[in-house]
Amino acid sequence: MKKISQINLAPEGGFRGPGPLNPVSEGHAVGVLTRVLSITVGFLSVVASIYFMFKVITGGLSIISAGGDKGKVAEARISITNGLIGLLVVLLGTIFVGFIGTIIGIDILNIQSLLVDELPN
């Protein structure tokens, strides 16, 4: 008797589609899920880092252009502080998840290894 995981639902040659997900792990859904999540998390990390660096730079420019106005300088310092805190949250979040995964013995940052031990050939 076959197990559900042994039933091949993909057409001959696997699923094919346009874009960066073609071909993925010989058409297995785990490979597609892994690539989609990896691309999404990577993209959001880059976007967050760019946004927070933008906040730091605009805060610095605001301090330069404040012209001695203490209110504008205070707003600029808050912007810089928020940018640095956000950048630290992004970086420390990735490090923390990896550290927790190491402690419990699971590679959390490698989604494919969580879902299956080895993809069938």
Task: Approximate spin-label separation Ile104-Ile85, in nm, with each point projected 7 Å along Cα-to-Cβ - done: 2.8 nm
Open item on the list: Can you give me the distance in nm between label points at Arg77 and Thr94, each placed 7 Å from the Cα along the Cα-to-Cβ direction?
Closed with: 3.1 nm
Open item on the list: With a cut-off of 8 Å between alpha carbons and a minimum separation of six or more residues, what is the relative contact order of region 28-110 in percent?
Closed with: 26 percent
TODO: Over 20 Å, how big is the tail of the calculated P(r) for region 28-110, in percent of all Cα pairs?
DONE: 52 percent
Task: Cβ-based net charge around Leu61, under 15 Å, with every Lys or Arg adding one and every Asp or Glu removing one - done: +1
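Any read-out appearing in this document is the output of simple, stated calculations on the displayed coordinates, not a laboratory observation. Since we're looking at a predicted model, the values are computed, not measured. Note that each Cβ is placed from the backbone with ideal geometry, even for glycine, and that neighbours are counted across all protein chains shown.
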